[in-house]
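Nothing in this text is a laboratory measurement; each read-out follows from the coordinates by a stated rule. Model, not experiment: these values are computed from the prediction. FYI the Cβ positions are ideal-geometry reconstructions off the backbone, even for glycines, and counts take in every protein chain you see.
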Amino acid sequence: MSHKSFVWLCLLPLVVVTAAFFLVPMARLVVTGAEGPQGITGYLAILTEPRYRATLINTVVLAAATTIVTLIVATIAGMFLQRHRFPGRAVLIAMLTFPLAFPGVVIGFLIILLAGRQGLIGDLTNRVFGEKLVFAYSIYGLFLGYLYFSIPRVILTIMAAVQKLDVGLEEAARSLGAGPWAVQRDVVLPALGPAFVASGAIAFATAMGAFGTAFTLATNIDVLPMLIYTEFTLAANFSISAALSVGLGVITWFILALARSFSGSAVAAAG
Amino acid sequence: MSASAGHGASVRIEACGKTFAEGTRALEPATLDIARGETLVLLGPSGCGKTTMLRIIAGLELPDAGGKVLFDGKDMTSVPIERRNVGMVFQSYALFPNMSVSANIGYGLKIRGVPDKERAARVAELVALTNISGLENRRIDQLSGGQRQRVALARAVAIRPGILLLDEPLTALDAALRDRLRGELNRLLRALGITTIYVTHDQAEAMELGDRVVVMEKGKIAQIGSPREIYFTPQSRFVAEFIGAANIIEAPIENGHLVLPGGRQAIGGEANIPAAVAMIRPETIRVVETGSAPLSGMVDSVSFIGDRQRLVVSGASSKLITVDAPNTVQARAGERVGLLISPDAVRLLPQ
């Protein structure tokens with residue numbers, strides 16, 4: 001047996017697994033999407049059908065809002081945690097990154113305990129204002145849940161990036177007269193740009209596709225994963241749910257690629 | 001920018017010491033005056049406190065309680081660096097990677113709200129002064145080390161600082177480039193005539209650039225003086241050995257002569273002490289016939305360097321003596337030679 005064919009033989013298990021669990025189901029999904037009553041135009045339904053379109057917009061807005069708020073919160077926290085040493089710092093970091101270990105269902109449960117009908121917030125507002133504030137079963141509750149599990153991932157990335165920042169750059173900017181805000185704006189944030197894109201992309205993709213939390217909170221939240229679920233299990237609408245699945249994948253991939261190309265030019269400009 | 005001398009502010013640091021949080025004493029309380037327009041070099045091995053002193057003057061470190069930093073007589077101790085109007089060049093250059101060369105140079109002016117047109121003119125002036133024409137729109141990662149050094153200097157000078165602070169600006173460059181840029185930097189600093197404080201561990205840089213040199217050792221000032229003073233009249237063994245090459249000879253003294261194994265060597269001035277530590281620079285020793293000098297020894301080795309040759313002579317003193325002889329002198333290992341040293345060239349060091 002030649003060396004080359006030996007290498008190919010070693011790759012065989014990978015080829016089989018990839019084919020069986022990735023390529024074949026993907027191909028089947030794409031074919032199923034085109035097998036509905038509208039045929040191939042079923043793929044356009046995600047854009048043309050008002051209900052699907054609204055859900056798509058809802059999902060993108062939710063994911064974008066999650067990403068932006070996560071980045072703001074995590075950047076401030078990450079920078080502080082990386083730059084300061086204080087008693088209890090290690091415990092605090094461990095606590096902040098703890099949600100990494102939770103599945104989406106547990107996060108959803110936590111949100112219900114916090115903002116559900118028997119939740120803490122409702123209890124508190126009932127005593128103070130005489131009215132229960134309940135938002136766990138809506139898109140706001142979902143937003144809170146996504147925030148909860150996006151922040152740890154982003155904080156860790158930002159902390160690593162802050163650690164690599166050259167303190168000399170900040171000192172140089174200060175020596176040239178830049179105050180604290182100008183230093184952040186002109187030196188620190190541009191240097192963290194690649195970390196923002198990398199960690200933001202993960203937060204965005206997670207918020208686009210996560211299902212467990214949404215499912216725990218309510219079945220009527222208007223986000224794409226829930227829509228796919230209801231079309232598939234309740235309406236048994238195989239072709240539409242396949243088309244929506246492919247659409248969700250393509251749109252998420254497209255937005256991530258956009259962010260990456262944008263960061264590519266930003267990285268180039270940042271040297 | 002004209003070549004007139006005496007720009008910028010005068011600096012005085014008063015009893016400035018620095019103890020870091022974990023308890024290390026980086027700098028013993030030191031007092032130092034720097035005249036307007038002077039170039040002062042802080043010279044010493046790593047860990048001697050020179051960078052700490054520079055950072056205290058810059059405002060990047062606070063001195064220990066009781067220490068004071070004054071610019072033109074005004075107390076600046078609690079003024080942060082961004083309001084001290086100092087130009088600083090860092091060892092790593094710390095150029096902003098997200099800005100072009102001209103944006104880097106103009107950054108300080110932009111922060112100060114200088115109008116675009118005026119800023120562009122000033123940037124062009126500095127680009128010409130530092131010889132980096134054609135690089136204005138480059139990114140920082142497209143520059144060579146020498147070009148980065150020039151941009152860092154241009155950026156620091158653009159804001160017309162009262163004081164220019166340079167922290168080992170040539171250390172990151174290779175030897176040949178360092179030598180060339182040292183001359184260029186000297187010309188520039190003279191042309192600017194601005195008060196400059198320059199930190200280095202390289203004595204050749206200190207000699208060429210400094211109006212005065214502050215030699216530092218273990219957080220203390222060992223000696224302050226002009227390059228010539230530091231070189232010819234070191235006040236301690238540390239300074240003598242750190243600056244240039246030096247023969248350090250410990251010997252008893254009789255009737256104004258050092259008594260050595262290879263003969264007697266006259267010393268200049270009064271010396272009513274029984275013994276001394278003397279310093280003799282290698283280039284002040286002349287190699288002659290054995291009969292024509294009171295001191296003699298045997299040549300151990302000859303290293304021909306080109307413009308001169310370095311002889312190591314044994315037997316003249318209790319330790320080997322290094323001699324820098326002109327390249328025309330004929331000497332071979334194993335030969336006995338006389339060593340002629342002018343009494344003025346023998347410097348007695350305080351013990």
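Spin-label model, residue A:167/residue A:64: points 7 Å from Cα along the beta carbon direction are separated by 4.0 nm. For the pair segment B:98-130 / segment A:212-228, the C-alpha centres are spaced 54 Å from each other.
Considering only alpha-carbon pairs that sit under 8 angstrom and 6 or more positions apart, the relative contact order computed for chain B is 17 percent.
Straight Cα distances below 18 angstrom link residue B:110 to the aspartates and glutamates A:170, A:171, A:186, B:82, B:118, B:125, B:136, with same-chain residues fewer than 8 positions distant left out. Simple point charges give the picture: +1 on the Cβ of Lys and Arg, -1 on the Cβ of Asp and Glu, and for segment B:65-126 a dipole about the Cα centre of about 100 debye.
The peptide list A:73-80, A:34-41, B:311-318, put in order of mean Cβ contacts within 10 Å with the highest first, becomes B:311-318, A:73-80, A:34-41. For segment B:247-349, what does the alpha-carbon gyration tensor say about shape, rounded, prolate or oblate, given a ≥ b ≥ c as the root eigenvalues, a/c under 1.5 as rounded, and a/b over b/c as prolate? It comes out prolate by the Cα gyration axes.
Under 20 Å of direct C-alpha separation, and excluding same-chain neighbours fewer than eight residues apart, residue A:4 reaches no lysines at all. With contributions of -39500 (n - 2.57) from each DSSP H run of at least four residues, the per-residue ellipticity at 222 nm computed over the protein assembly as shown stands at -14500 deg cm²/dmol.
At an R0 of 51 angstrom, the distance between the Cβ atoms of residue B:224 and residue B:298 translates into a FRET efficiency of 0.80. Taking a straight line from the alpha carbon of residue B:50, these lysines sit under 21 Å away, with near neighbours fewer than eight places off in the same chain left out: B:18, B:68, B:218, B:220. A simple charge model with +1 on the Cβ of Lys and Arg, -1 on the Cβ of Asp and Glu and nothing else charged puts the dipole of segment B:3-240 at about 420 debye relative to its Cα centre. Can you give the FRET efficiency for residue B:172 and residue B:277, using 1/(1 + (r/R0)^6), R0 = 30 Å, r = Cβ-Cβ distance, to the nearest 0.05? E between residue B:172 and residue B:277, to the nearest 0.05, is 0.20. Mean partner shielding of peptide A:160-168, defined as the number of other chain Cβ atoms within 10 Å of each residue Cβ, is 2.
Ranked by how many other Cβ atoms sit within 10 Å of their own Cβ, fewest first, the residues A:262, A:109 fall in the order A:262, A:109. Label positions at residue B:120 and residue B:330, each projected 7 Å from the Cα along the C-beta direction, are separated by 7.1 nm. One Cα centroid belongs to segment B:276-351, the other to segment A:120-150; the line between them spans 90 Å. Ordered by the count of other Cβ atoms within 10 Å of each Cβ, fewest first, A:52, A:229, B:198 give A:229, A:52, B:198. Using the Cβ-Cβ distance between residue A:5 and residue A:121 with R0 = 51 Å, the FRET efficiency computed as 1/(1 + (r/R0)^6) comes to roughly 0.20.
Out of every Cα-Cα pair in chain A, what percent are more than 25 Å apart? For chain A, the fraction of Cα-Cα distances above 25 Å is 60 percent. Dimensions of the protein assembly as shown from C-alpha coordinates, computed as largest minus smallest value along each principal axis and given longest first, are 118, 78, 51 Å. Sorting the segments B:13-19, A:149-155 by their residues' average number of neighbouring beta-carbon atoms within 10 angstrom, most packed first, yields A:149-155, B:13-19.
Taking every alpha-carbon pair in segment A:6-158 and binning the separations at 5 Å intervals from zero gives 2, 8, 10, 10, 11, 12, 14, 11, 9, 6, 4, 2, 1, 0, 0 percent. Taking the square roots of 5 times each eigenvalue of the Cα gyration tensor of segment B:3-240, largest first, gives ellipsoid semi-axes of 29, 21, 16 Å.
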